[in-house]
Structure formats: C-alpha cells, structure tokens
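Submitted below is the structure of interest, expressed as structure tokens.
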Amino acid sequence: MRRTIIQYKVKPDSAGDNQRFVEKVYEELRLNSPPNLRYATFKQPDNCTFIHLVSVEAEDANKPLSESDSFKAFQANLKDRCEVQPVATDLTVVGSYNFFD
C-alpha cells in the first residue's frame with residue numbers, strides 16, 4: 001500500500017469553492033466505488049487548511065483519483081486557489097488501529 005498525506009492552504013475567499021470541489025470528488029467516489037482506495041479529507045479550524053490522506057494499492061498508484069472527472073476539476077485551478085501550495089509526503093505506517101481497515 002502506498003500512503004500519502006497532502007496539505008495546503010487556500011485563500012480565504014476560495015475556501016468554500018475548494019470544499020465544494022472536494023465534496024464532488026466524494027460524490028463521484030461513492031458512485032464508482034473504486035477498489036483498493038482509502039481517502040479522507042480534513043479541514044483545520046482556520047477553514048482554509050486542507051489535509052488529504054490517501055491509501056492505495058501500490059500498483060494502482062493514484063489511478064482511482066487521477067482518472068476521476070471531479071478530481072480533475074478539483075485540481076484544475078487548485079494552484080490559483082492556494083495561499084500555500086500543496087505538499088505531498090509519502091507515509092510509512094508505524095502503527096494504526098482500525099484506521100485503514
């Protein structure tokens with residue numbers, strides 16, 4: 001499994017739009033139910049900092065997301081919406097309890 005965390009901060013006037021883009025991604029994922037994908041998005045109390053956790057089979061890389069139309073729309077102008085650009089970091093699990101199951 002490949003696990004990645006992505007964090008970025010959008011401009012205050014873009015926070016609502018960003019959240020709507022993210023929500024559309026989840027609507028599409030629920031409809032298509034891609035296998036071997038675990039995905040969660042969190043928003044910090046400032047309402048502008050978003051954190052995405054992705055867990056996917058290594059051989060699938062990010063296909064379930066990169067092939068999604070709503071994810072492509074989300075990414076289209078992300079850099080313009082951001083105050084702090086996205087940073088992706090691969091993670092190694094040291095321990096978890098019912099987090100990825």
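Values quoted throughout were computed directly from the atomic coordinates according to the rules given, and no laboratory measurement underlies them. As the structure is a prediction and not an experimental result, all values here were calculated from the model. Note that each Cβ is placed from the backbone with ideal geometry, even for glycine, and that neighbours are counted across all protein chains shown.
Which is farthest toward the positive dipole end of the chain among 93, 48, 77, measuring Cα position about the Cα centre, with Cβ charges +1 (Lys, Arg) and -1 (Asp, Glu)?
48
Next question. Starting from the Cα gyration tensor of the stretch 33-83, take the square roots of the eigenvalues, sort them a ≥ b ≥ c, and report rounded, prolate or oblate (rounded when a/c is under 1.5, otherwise prolate if a/b is larger than b/c, else oblate).
Details: a/c = 2.69, a/b = 1.53, b/c = 1.76.
Because a/c hits 1.5 or more and a/b fails to exceed b/c, the stretch 33-83 counts as oblate.
OK, next. Under a Cβ-only charge scheme (Lys and Arg +1, Asp and Glu -1), can you give me the dipole magnitude of the chain about the Cα centre, in debye to the nearest 20?
Details: 13 positive and 15 negative charges, 34 e Å.
Using only the charged Cβ atoms, the result is roughly 160 debye.
Specify which labelled value, from (i) 41, 35, 20; (ii) 36, 29, 20; (iii) 54, 30, 24, agrees with Cα extents along the principal axes in Å derived from the coordinates of the model shown.
(ii)
A follow-up question, please. Sorted by mean Cβ packing within 10 Å, highest first, what order do the peptides 67-73, 4-10, 28-34 take? Before the final figure, lay out each step's value.
Working: 67-73: 15.0, 4-10: 17.1, 28-34: 12.0.
Highest mean packing first, the order is 4-10, 67-73, 28-34.
Among the lysines, which fall within straight-line cross-link reach of residue 43, defined as a Cα-Cα distance under 22 Å, with same-chain neighbours fewer than 8 residues apart omitted?
Excluding near neighbours in sequence, the set is 9, 11, 24, 72, 79.
Which one of 29, 18, 64 has its Cα pushed farthest toward the positive end of the charge dipole of the stretch 2-91, where Lys and Arg give +1 and Asp and Glu give -1 at the Cβ?
18
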